[in-house]
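Structure first, commentary second.
FYI, it's all coordinate maths here, none of it is from the lab. Note that the structure is a prediction, hence the values are computed from the model and not measured. All Cβ positions, glycine included, derive from the backbone under ideal geometry; neighbour counts span all protein chains shown.
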Amino acid sequence: MKINLKNKNVLITGAAKGVGRELSLAIAENGANVALHYRESEQEAIQLVKEIERLGVHATSVQGDLANYDEVKSMKEKLGGDFGHIDMIVNNAGWAQMKGFFEYEPEEWKREVDVCFYGVLNLVYEFVPSMKDNHGKFINIVGDSARTGDRNLIVSAAARNGAISFLKSLAKEVGRSNVQCNTISLGLIDQGEFDESIVNKIVKQYPSRRLGTTSDVVGAVLFMLSDEANWITGQVLSVNGGHSMIG
Ligand SMILES: NC(=O)c1ccc[n+]([C@@H]2O[C@H](COP(=O)([O-])OP(=O)(O)OC[C@H]3O[C@@H](n4cnc5c(N)ncnc54)[C@H](OP(=O)(O)O)[C@@H]3O)[C@@H](O)[C@H]2O)c1
């Protein structure tokens, strides 16, 4: 998919690896300057900056724990200094523990809420006000569990469902300023980490009889960043091979 993101500055969180890396490359290939956020994957982020600069766009990296408001504020200050105004954000970072609720110790569940819910609020509070009146776009990436529930992702699913609701209300607040807020809800994306026998079992839950690929995610995100999606706001777009179908 080709769209025109020339002269747009896009911040991608959790950009150094996995889905975030593919999104960053695709967004840069479509002409945007990219700010690649990482938390721990510094070397991967530095390498990716070099790779993307060869495409002829501006790229930089920025570190921060999204769960920590002061660190998100510092990210904004750093980017404001050496990169410039952020037009669009793809919040791809996330953190979840896979276990049943009664296997948690009470002190273990807070971090998932801090990253998957408060991380969104921290980014919005710092970055969205300066997106106003310039076709700003905030895209939050979640898993389908946020909509359907999942007994093994019980805390992150709840936190992300809260983020969906938050972005709907925010869309109502900032729509008049031309800022769009949407969620992309993913089914399982195959990044080569599963054995064939496991994949064969899981795909039975998918009408499309396959897991997702990073290109499936890239296509949806590019569409949401494009001008063609300018009238879409406060929505959740499922990219999930039909795993859940929510009207
Ligand atoms: N892969 C799937 O099948 C799937 C399915 C449904 C939903 N999703 C969601 O889609 C997104 C991308 O998937 P993925 O598998 O590529 O992601 P991932 O590896 O689970 O996480 C992406 C990045 O999030 C960053 N991160 C974690 N905690 C953070 C924090 N406190 N502050 C800032 N950054 C933090 C990490 O960056 P560093 O490495 O730099 O520390 C990590 O590389 C995630 O949000 C994931 O939950 C994925």
Note: Trp231 to Gln97 extended length (0.36 nm per residue) minus current alpha-carbon separation gives 44.7 nm
Positive end of the charge dipole of the chain (Lys, Arg +1 and Asp, Glu -1 on Cβ, about the Cα centre): tell me which of Ser244, Leu66, Gly84 has its Cα farthest that way. Ser244
Three semi-axes of the equivalent ellipsoid, the stretch 77-190, Cα gyration tensor, whole Å, largest first: 28, 15, 12
Divide by every residue of the chain the summed helix terms, -39500 (n - 2.57) for each DSSP H run of at least 4, and state the resulting mean residue ellipticity at 222 nm, rounded to the nearest 500 deg cm²/dmol. -11500 deg cm²/dmol
Within the stretch 88-195, DSSP-loop GluC sites (Glu not before Pro) with at most 15 other C-beta atoms within 10 Å are Glu193
Between Ser74 and Asn200, what is the spin-label point distance in nm, taking each point 7 Å from the Cα along the Cα→C-beta axis? 5.0 nm
Gap in Å between the Cα centre of the stretch 34-61 and the Cα centre of the stretch 77-149? 19 Å
Let me check I've understood the local charge: for Lys17, count other residues with C-beta under 14 angstrom from its C-beta, Lys and Arg +1, Asp and Glu -1. What total comes out? -4
Work through the residues other than Val218 whose Cβ is under 13 Å from its Cβ and net out their charges, Lys, Arg +1 and Asp, Glu -1. -1
How far apart, in nm, are the 7 Å Cα→Cβ label points at Gln63 and Leu121? 2.7 nm
Taking Cα pairs under 8 Å and at least six residues apart, what relative contact order does the chain come out at, in percent? 18 percent
Compute the signed sum of charges (Lys and Arg +1, Asp and Glu -1) over the other residues within less than 13 Å, Cβ to Cβ, of Val124. +3
Sorted largest first, extent of the stretch 1-151 alpha carbons per principal axis (Å): 51, 29, 28
What is the gain in length, in nm to one decimal, between Asp82 and Arg210 on full extension, counting 0.36 nm per residue of separation less the C-alpha to C-alpha distance? 41.8 nm
Here the relative contact order (percent) of the stretch 1-41, from C-alpha pairs under 8 Å and at least 6 apart, is 51 percent
Relative contact order of the stretch 1-96: what whole-number percent is it, with Cα pairs under 8 angstrom and at least 6 residues apart? 34 percent
